[in-house]
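Peer 1: Please see the structure below; I have some questions.
The values are calculated or read from the model by the stated rules, or taken from the named source; none is laboratory data. A quick note: this is a predicted structure, and the numbers were derived from the prediction, not measured. We place every Cβ from the backbone using ideal geometry, glycine too, and count neighbours over all the protein chains shown.
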Amino acid sequence: MAAATLSRAQAWEHVLRVRRFDWQRGFSYQHGSISITAGGEWHCSDDIEAGASQLLDIMLPLVARATPLVMAQLGQSLDGRIATECGASYYVTGEEGLVHLHALRAVVDAVVVGAGTVAMDDPKLTVRHVTGDHPVRVVLDPRGRVPEQRFIFEDDSAPTLHLVGQAHVARWQACHEQHGHDVSVCGLKVGEDGVDPRAVVDLLSCRGLTCILVEGGGMTISRFLQEGCLDRLHSMVTPMIIGSGRPTLTLPVIECLSQAMRPAARHYTLGDDVLFDLDFTTVAEKGIN
Ligand SMILES: Nc1c(N[C@@H]2O[C@H](COP(=O)(O)O)[C@@H](O)[C@H]2O)[nH]c(=O)[nH]c1=O
């Protein structure tokens, strides 16, 4: 009899199961031919397809854990752009990159986007390219400026949480009610520098949303990174040169490269795209002196 081979689809089912596994109580997950320990190390006693093996390598560190996770995802061109000057961004990354984005959505509790992304892209933020549940959609809108007619407000296939500055709560509650939108509005303290990403993480955590994907835009992700709020960043680089347009990350000016961030990094090929998996909780060991 031919030896069994674990397929990519089967590996994905394991990822979803591992996400639901109680890592507070159990230290290792065992199912059929596969065993997984906290942190994401895995072993399969059957043969395994290359795509399945890569999927486990990429996804298990995100789900085989008992602690909260705040991560971000960027789909960018080779020259570090996420959209053209006027905001066209559908799509920078290829088919496999998009599947990966949806896989990330399927393993988090909440997906966070800034007001600009909602205004410009009118995203759905649902899981469509893989099996799995939709995350809670969170709009970060300190100035309460997002247009009223947006897909995530009108669509009730997933819960939506609209985080606005305290001054805008009553107006937005009335607005969603008037339009019959099933959207929860929550107030945020807005300081001189805008909203503190830590306050967002705390607010979501109080609602049981502890595994968070910050999906865009570049400024929102940059702010989370600058404040030390990101554990991980998945940067999907596609061999396209846009040449001008919206940048991926915008951070304070540094003078020398010793001040640059050097997170531990792994990389994977997904179709024509290269995924850089950056772990900000661990500093890279290698460096050229
Ligand atoms: N354009 C772009 C991304 N952009 C993200 O996808 C959102 C649109 O998602 P949806 O409407 O749910 O399909 C958009 O608002 C932004 O958050 N992501 C990527 O991996 N690659 C891409 O090329």
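Peer 1: Could you go through the range 27-47 and let me know if any residue there is in contact (Cβ under 8 Å) with a residue 40 or more places away in the chain, more than 16 Å from the ligand (Cβ to nearest atom), of a type outside the set (Phe, Trp, Tyr) and more than 26 Å from Thr281 (Cα to Cα).
Peer 2: Taking the range 27-47 and keeping what is in contact (Cβ under 8 Å) with a residue 40 or more places away in the chain, we get 46-47.
Applying the additional criterion that residues be more than 16 Å from the ligand (Cβ to nearest atom) yields 46-47.
Narrowing further to those that are of a type outside the set (Phe, Trp, Tyr): 46-47.
Right, trim to more than 26 Å from Thr281 (Cα to Cα) and you get 46-47.
Scanning the range 27-47, I find at least one residue that is in contact (Cβ under 8 Å) with a residue 40 or more places away in the chain, more than 16 Å from the ligand (Cβ to nearest atom), of a type outside the set (Phe, Trp, Tyr) and more than 26 Å from Thr281 (Cα to Cα), so the answer is yes.
Peer 1: I would also like to ask the following. Does Gly216 satisfy being at pLDDT below 95, within 16 Å of the ligand (Cβ to nearest atom) and not basic (Lys, Arg)?
Peer 2: Working: at pLDDT below 95: yes; within 16 Å of the ligand (Cβ to nearest atom): yes; not basic (Lys, Arg): yes.
The answer is yes for Gly216.
Peer 1: Quick one: how many residues across the range 243-288 are of a type in the set (Asp, Glu) and surrounded by fewer than 11 Cβ atoms within 10 Å (Cβ to Cβ)?
Peer 2: Step one: list which residues in the range 243-288 are of a type in the set (Asp, Glu), which gives 255, 272-273, 277, 279, 285.
Then drop every residue that is not surrounded by fewer than 11 Cβ atoms within 10 Å (Cβ to Cβ), which leaves 255, 285.
Number satisfying all stated conditions: 2.
Peer 1: Oh, and also: Here is a check on your reading of the model: is Thr126 within 28 Å of Met240 (Cβ to Cβ), hydroxyl-bearing (Ser, Thr, Tyr), at pLDDT 95 or above and in a loop (DSSP other than H, G, I, E, B)?
Peer 2: Working: within 28 Å of Met240 (Cβ to Cβ): yes; hydroxyl-bearing (Ser, Thr, Tyr): yes; at pLDDT 95 or above: yes; in a loop (DSSP other than H, G, I, E, B): yes.
Against the criterion (within 28 Å of Met240 (Cβ to Cβ), hydroxyl-bearing (Ser, Thr, Tyr), at pLDDT 95 or above and in a loop (DSSP other than H, G, I, E, B)), Thr126 qualifies.
Peer 1: Go through the range 232-242 and give me each residue that's surrounded by 21 or more Cβ atoms within 10 Å (Cβ to Cβ) and either over 13 Å from Gly218 (Cβ atoms) or not assigned by TED's automatic domain parsing to the domain that holds Val99 (or both).
Peer 2: Result: His234, Met236, Val237.
Peer 1: Which residue out of Leu163, Leu203, Leu233, Leu257 is touching a residue at least 60 places away in the same chain (Cβ under 8 Å), out of contact with any Phe, Trp or Tyr (no Cβ under 6 Å at 6 or more places or on another chain) and not aromatic (Phe, Trp, Tyr)? Steps first, please.
Peer 2: Working: Leu163 fails: touching a residue at least 60 places away in the same chain (Cβ under 8 Å); Leu203 fails: touching a residue at least 60 places away in the same chain (Cβ under 8 Å); Leu257 fails: touching a residue at least 60 places away in the same chain (Cβ under 8 Å).
Selected residue: Leu233, the only one of Leu163, Leu203, Leu233, Leu257 that is touching a residue at least 60 places away in the same chain (Cβ under 8 Å), out of contact with any Phe, Trp or Tyr (no Cβ under 6 Å at 6 or more places or on another chain) and not aromatic (Phe, Trp, Tyr).
Peer 1: Across the range 69-98, what is the total count of residues that are near the ligand (Cβ under 10 Å from one of its atoms) and either buried (at least 18 other Cβ atoms within 10 Å of the Cβ) or closer than 29 Å to Leu16 by Cα (or both)?
Peer 2: 15
Peer 1: Which one is nearest to His162 (Cα to Cα) among residues in the range 76-114 that are charged (D, E, K, R) and under 18 Å from the mean Cα position of the chain (by Cα)?
Peer 2: If we filter the range 76-114 for residues that are charged (D, E, K, R), which is where we start, we get 79, 81, 85, 95-96, 105, 109.
So of that shortlist, the ones also under 18 Å from the mean Cα position of the chain (by Cα) come out as 81, 95-96, 105, 109.
Details: Arg81: 27, Glu95: 30, Glu96: 30, Arg105: 18, Asp109: 15 Å.
Out of the qualifying residues, it is Asp109.
Peer 1: Pick out the one residue from Gly97, Gly114, Gly80 that is in the same structural domain as Phe276 (by TED's automatic domain parsing), more than 30 Å from Gly187 (Cα to Cα) and touching a Leu at 6+ places or on another chain (Cβ under 7 Å). Break it down into steps so the answer makes sense when it comes.
Peer 2: Numbers: Gly114 fails: more than 30 Å from Gly187 (Cα to Cα); Gly80 fails: touching a Leu at 6+ places or on another chain (Cβ under 7 Å).
Sole residue among the options that is in the same structural domain as Phe276 (by TED's automatic domain parsing), more than 30 Å from Gly187 (Cα to Cα) and touching a Leu at 6+ places or on another chain (Cβ under 7 Å): Gly97.
Peer 1: Sticking with this structure for a sec: Here is a check on your reading of the model: is Gly116 small (Gly, Ala, Ser) and within 16 Å of the ligand (Cβ to nearest atom)? First the steps, then the outcome.
Peer 2: Details: small (Gly, Ala, Ser): yes; within 16 Å of the ligand (Cβ to nearest atom): yes.
In short, yes.
Peer 1: Could you tell me whether Val113 is in contact (Cβ under 8 Å) with a residue 60 or more places away in the chain, crowded, with 23+ Cβ neighbours inside 10 Å, touching a strand residue (DSSP E or B) at 6+ places or on another chain (Cβ under 6 Å) and farther than 20 Å from Asp277 by Cβ? Walk me through it before giving the result.
Peer 2: Numbers: in contact (Cβ under 8 Å) with a residue 60 or more places away in the chain: yes; crowded, with 23+ Cβ neighbours inside 10 Å: yes; touching a strand residue (DSSP E or B) at 6+ places or on another chain (Cβ under 6 Å): yes; farther than 20 Å from Asp277 by Cβ: yes.
Against the criterion (in contact (Cβ under 8 Å) with a residue 60 or more places away in the chain, crowded, with 23+ Cβ neighbours inside 10 Å, touching a strand residue (DSSP E or B) at 6+ places or on another chain (Cβ under 6 Å) and farther than 20 Å from Asp277 by Cβ), Val113 qualifies.
Peer 1: On to the next question. Among the candidates Asp182, Asp141, Asp133, Asp121, single out the residue that is in contact with an Asp or Glu (Cβ under 6 Å, 6 or more places away or on another chain), of a type in the set (D, E, K, R) and either touching a residue at least 40 places away in the same chain (Cβ under 8 Å) or over 21 Å from Met236 (Cα atoms) (or both). Quick ask: steps written out before the conclusion?
Peer 2: On the way: Asp141 fails: in contact with an Asp or Glu (Cβ under 6 Å, 6 or more places away or on another chain); Asp133 fails: in contact with an Asp or Glu (Cβ under 6 Å, 6 or more places away or on another chain); Asp121 fails: in contact with an Asp or Glu (Cβ under 6 Å, 6 or more places away or on another chain).
Testing whether each residue is in contact with an Asp or Glu (Cβ under 6 Å, 6 or more places away or on another chain), of a type in the set (D, E, K, R) and either touching a residue at least 40 places away in the same chain (Cβ under 8 Å) or over 21 Å from Met236 (Cα atoms) (or both) leaves just Asp182.
Peer 1: Taking Ala52 and the conditions (1) small (Gly, Ala, Ser); (2) in the same structural domain as Ser235 (by TED's automatic domain parsing); (3) crowded, with 18+ Cβ neighbours inside 10 Å, which numbered condition does it fall short on, given that it satisfies the others?
Peer 2: With respect to (1) small (Gly, Ala, Ser); (2) in the same structural domain as Ser235 (by TED's automatic domain parsing); (3) crowded, with 18+ Cβ neighbours inside 10 Å, Ala52 is out only on (2).
Peer 1: Mind listing just one residue for me: the one in the range 125-170 that is surrounded by fewer than 18 Cβ atoms within 10 Å (Cβ to Cβ) and β-branched (Val, Ile, Thr) and, of those, farthest from the chain's Cα centre (by Cα)?
Peer 2: Val169
Peer 1: All but one of (1) free of Cβ contacts under 8 Å to residues at least 40 places away in the same chain; (2) of a type outside the set (Ser, Thr, Tyr); (3) under 27 Å from Ala9 (Cβ atoms); (4) more than 10 Å from the ligand (Cβ to nearest atom) hold for Arg65; state the number of the condition that does not hold.
Peer 2: (1) is the only condition that Arg65 fails.
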